[in-house]
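The values are calculated or read from the model by the stated rules, or taken from the named source; none is laboratory data. Please read all numbers here as calculations on a predicted model, not as lab measurements. Quick reminder, even Gly has a Cβ in these numbers, built from the backbone with ideal geometry, and neighbours come from all protein chains shown. Accessible surface areas use protein heavy atoms only, side chains included; no ligands, DNA or RNA. Shrake-Rupley method; radii C 1.70, N 1.55, O 1.52, S 1.80 Å.
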Amino acid sequence: MAKRLFDLCASIIALALLWPILLLAYLAIRLSSPGPAMYPAKRVGRHGRIFVMHKFRTMHIGADAGSAITGARDPRVFFAGRILRALKIDELPQLYDVLTGKMSIVGPRPEDPRIVAQYYSAEALRTLDVAPGLSSLGSIYYYTHTQDHLDDSDPEGSYLANLLPIKLALDIIHQRRASMTYDMKIILKTAVTILLIGLGKRQFADPPELAEARQLMLNAAPLVLTVRK
């Protein structure tokens, strides 16, 4: 109940404060690429339920037919979209999803239904026990370390092999430590990370939880399946 109340208050305040940025993003998209400014993305939510997640469109119309993972130099992304993605402005419409209860401010980032169906192990499905969020320990790692692990020639394959297992392990650790205090730490870390990237920082230290995450990956059943029967 306390977490839901926090989500409601935080999303209302954030929407009230950030509406000028939302408006500028809307105008930038409409001037940069023909088509709607919003993109409704199907994602897997709590308990495996499929829901529509709202975000600003950053790709040309029809580009979602390709890989579910976007490379750093993906030609499907138009110029203004690259800026919105780099600063995570494209994710701000999800504050509405938080307001309606589909998402939380802090929680595992919701994944594409096909990736969940084909590659999530039983252990990985534990991350669906909680509401998906705007940010999490795993999503911060993904945000700061994509350039180290994602191969533009095969973004989805390198994501599944190199990034998704670590992201899932970090989110499981996050669930183990779940508290309002820990959530506030994640919110602060997210804000600082976005600011530093906006100022040009590109290299980030590994999070202190990474050692525990790697140990979990060694001791537990595989988090990502190479082949889903």
> Being under 18 Å from residue 93 (Cβ atoms) and part of a strand (DSSP E or B), is that true of even one residue in region 8-20?
Replying inline: no
>> Being surrounded by 16 or more Cβ atoms within 10 Å (Cβ to Cβ) and either under 18 Å from the mean Cα position of the chain (by Cα) or in a strand (DSSP E or B) (or both) is the requirement here; does residue 52 meet it?
In response: no
>> Name the single residue that is farthest from residue 36 (Cα to Cα) among those in region 69-85 being among the aliphatic types (A, V, I, L, M) and either open to solvent by 40 Å² or more (accessible area, probe 1.4 Å) or not in a loop (DSSP other than H, G, I, E, B) (or both).
In response: 72
>> Just to be sure before I move on: is residue 221 exposed (fewer than 13 other Cβ atoms within 10 Å of the Cβ) and touching a residue at least 12 places away in the same chain (Cβ under 8 Å) in the structure I sent?
In response: yes
>> Against the conditions (1) in contact (Cβ under 8 Å) with a residue 40 or more places away in the chain; (2) surrounded by 13 or more Cβ atoms within 10 Å (Cβ to Cβ); (3) of a type in the set (A, V, I, L, M, F, W, C), where does residue 31 fall short? Just the number, please.
In response: (2)
> Listed residues 112, 90, 97; which is in contact with a strand residue (DSSP E or B) (Cβ under 8 Å, 6 or more places away or on another chain) and open to solvent by 10 Å² or more (accessible area, probe 1.4 Å)?
Replying inline: 112
> Within region 86-127, can you find the residues that are assigned to a helix (DSSP H, G or I) and in contact with a helix residue (DSSP H, G or I) (Cβ under 7 Å, 6 or more places away or on another chain)?
Replying inline: 86, 89, 90, 95, 98, 99, 119, 124, 126, 127
> Given the conditions (1) closer than 20 Å to residue 28 by Cα; (2) modelled with pLDDT of 90 or more; (3) more than 15 Å from the chain's Cα centre (by Cα), and given that residue 74 satisfies all but one, which numbered condition is not satisfied?
Replying inline: (2)
> What number of residues within region 185-218 are of a type in the set (S, T, N, Q) and exposed (fewer than 13 other Cβ atoms within 10 Å of the Cβ)?
Replying inline: 2
>> Considering only region 136-145, I want to know if a residue exists there that is within 19 Å of residue 43 (Cβ to Cβ), open to solvent by 30 Å² or more (accessible area, probe 1.4 Å) and without any contact (Cβ under 8 Å) to a residue 60 or more places away in the chain.
In response: yes
